[in-house]
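Q: Quick one: the structure is below, questions incoming.
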Amino acid sequence: MRSRTPIFAAAALLSAGALSGCGGALPNAAAGGKENAVYAEIAALPKEKQREKARELAKDEGGTLTLYTSMTADIATPVAKAFERDTGIHVTVFRANSETVLQRTLQESQARRAGADAVETNFREMVALSDNKLLAKYSGAPLDKVEKTGKFATWTATRLNIFHPAWNTRLIKPGEEPTSWEDLADPKYKGRITLEVSDSDWYENVTHYWLEHGKSQTETDQLWKKIVANSKVAKGHTTMMQFLTSGQTHMEAMNYTYITTRSATKGAPVTFLPKSGKSTVPAFPRPNGVGMLKSAQHPASAWLFYDWMLTEGQKELVKLHLTPSTKVPGDKSLDGLTLVPFDVKGLSRDQGTWDKKYDALLRGVDSVGK
């Protein structure tokens, strides 16, 4: 199984070192220098004048931006092109999984080598970057449009990945779909469920939800054992969806609703909603967010990207069938879903415990195709 524990352990060690250093900040070649002065210059202006100043300063920087992101290529590319179209700023994108984005950013900071100007990735990695004092604070006007649950000290949610089961409509007939997370333990799904090998945050949230709603630890553990007994595993949500659309698998215990929607839009026989159009399975909205690096070589461009992602960028996300962090006219990504709180607080404190538990739970489970 792929565990994220080593990367987050390294991030925690860096954070501990940062807190024991002079002034409580991680040593950084750019800390307190020109880059922070640019952010301060923009922040000192009235909010309605901040973007104009950022555009002016970004032009002086050369009109370029280096973005590190875990958005898949079919999302990152149109987002980058839309930002270039709207601002005239050329974007260089480093795209990788969220753990690699975090690892590369931490390594560059340790080496005092500037790399990313801005980062857009999963909440756990954003928390690690924030804990290591690598992100600059943003206070632009678009923050007023973001729900309280999407605002954090030095980063802001840009989009929500919604956790929900998905199924092949040719293989799971109307009335056979799950109506709760508990249903995944039903013996009728024996051999018909796929689990993703690194979904420890989903595992934690379902566990947390069950315990918060009256189940005992013993009952919860028994449910997970039954779910795993019904399942095989695969690596990667996009890969899982490929299996599902081709009919190689029947149902995914969890996939992001935007991946299901994008596949269905292309004609695949997949869905996450029953025939009624309304699901009774509690859906968990995990925040993915944006931050701007203190060490940015193009801080004005980083500020502008942050600001754009919370404004025009939200509309681009809706076009791509993602769930924006703000209310956007025409967004239907949450239609039919029953949202419950995502346990950001609990997972932000976690130091790999849930990764280890999930790895242990899936030990010995066959992979799809075997």
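Q: Go through segment 46-86 and report how many residues are open to solvent by 50 Å² or more (accessible area, probe 1.4 Å) and not in a helix (DSSP H, G or I).
A: Counting residues in segment 46-86 that are open to solvent by 50 Å² or more (accessible area, probe 1.4 Å) and not in a helix (DSSP H, G or I) gives 2.
Q: Okay, moving on. Can Thr220 be described as in contact (Cβ under 8 Å) with a residue 12 or more places away in the chain, open to solvent by less than 10 Å² (accessible area, probe 1.4 Å), over 30 Å from Ala73 (Cβ atoms) and in contact with a Phe, Trp or Tyr (Cβ under 7 Å, 6 or more places away or on another chain)?
A: Values: in contact (Cβ under 8 Å) with a residue 12 or more places away in the chain: yes; open to solvent by less than 10 Å² (accessible area, probe 1.4 Å): yes; over 30 Å from Ala73 (Cβ atoms): yes; in contact with a Phe, Trp or Tyr (Cβ under 7 Å, 6 or more places away or on another chain): yes.
Yes: the conditions hold for Thr220.
Q: Right, something else. Quick check: anything in segment 265-276 among the aromatic types (Phe, Trp, Tyr), touching a Ser or Thr at 6+ places or on another chain (Cβ under 7 Å), open to solvent by less than 50 Å² (accessible area, probe 1.4 Å) and not in a helix (DSSP H, G or I)?
A: Yes, because at least one residue in segment 265-276 is among the aromatic types (Phe, Trp, Tyr), touching a Ser or Thr at 6+ places or on another chain (Cβ under 7 Å), open to solvent by less than 50 Å² (accessible area, probe 1.4 Å) and not in a helix (DSSP H, G or I).
Q: Can you tell me which condition Glu316 does not meet? The list is (1) of a type in the set (D, E, K, R); (2) open to solvent by less than 40 Å² (accessible area, probe 1.4 Å); (3) farther than 22 Å from Pro78 by Cα, and all the others hold.
A: Failed condition: (3).
Q: Taking only pairs six or more apart or across chains, which ones have beta-carbon atoms under 6 Å, a first residue in segment 356-370 that is over 17 Å from His237 (Cα atoms) and at pLDDT 95 or above, and a second residue that is surrounded by fewer than 14 Cβ atoms within 10 Å (Cβ to Cβ) and acidic (Asp, Glu)?
A: The qualifying pairs do not exist here.
Q: What single numbered condition from (1) more than 28 Å from Leu102 (Cβ to Cβ); (2) touching a Gly at 6+ places or on another chain (Cβ under 8 Å) fails to hold for Ser301?
A: (1)
Q: Then there's this: Name the residue, out of Met251, Met240, that is modelled with pLDDT of 95 or more, under 30 Å from Tyr68 (Cα atoms) and surrounded by 23 or more Cβ atoms within 10 Å (Cβ to Cβ).
A: Met240
Q: Another question about this same structure. Is one or more of the residues making up segment 180-197 out of contact with any Gly (no Cβ under 8 Å at 6 or more places or on another chain), open to solvent by less than 50 Å² (accessible area, probe 1.4 Å), farther than 22 Å from Asp359 by Cβ and not in a loop (DSSP other than H, G, I, E, B)?
A: Within segment 180-197, one or more residues are out of contact with any Gly (no Cβ under 8 Å at 6 or more places or on another chain), open to solvent by less than 50 Å² (accessible area, probe 1.4 Å), farther than 22 Å from Asp359 by Cβ and not in a loop (DSSP other than H, G, I, E, B).
Q: Continuing with this model, one more query. Checking Phe163 against (1) open to solvent by less than 10 Å² (accessible area, probe 1.4 Å); (2) among the hydrophobic types (A, V, I, L, M, F, W, C); (3) within 18 Å of Tyr39 (Cβ to Cβ), only one condition comes out false. Which one?
A: (3)
The values are calculated or read from the model by the stated rules, or taken from the named source; none is laboratory data. Given the structure is predicted, the values throughout are model-derived calculations rather than measurements. Glycine gets a Cβ as well: all are built from the backbone with ideal geometry, and neighbour counts include every protein chain shown. Each accessible area value is taken on the protein alone, full model and side chains, heavy atoms only, with ligands, DNA and RNA left out. Shrake-Rupley method; radii C 1.70, N 1.55, O 1.52, S 1.80 Å.
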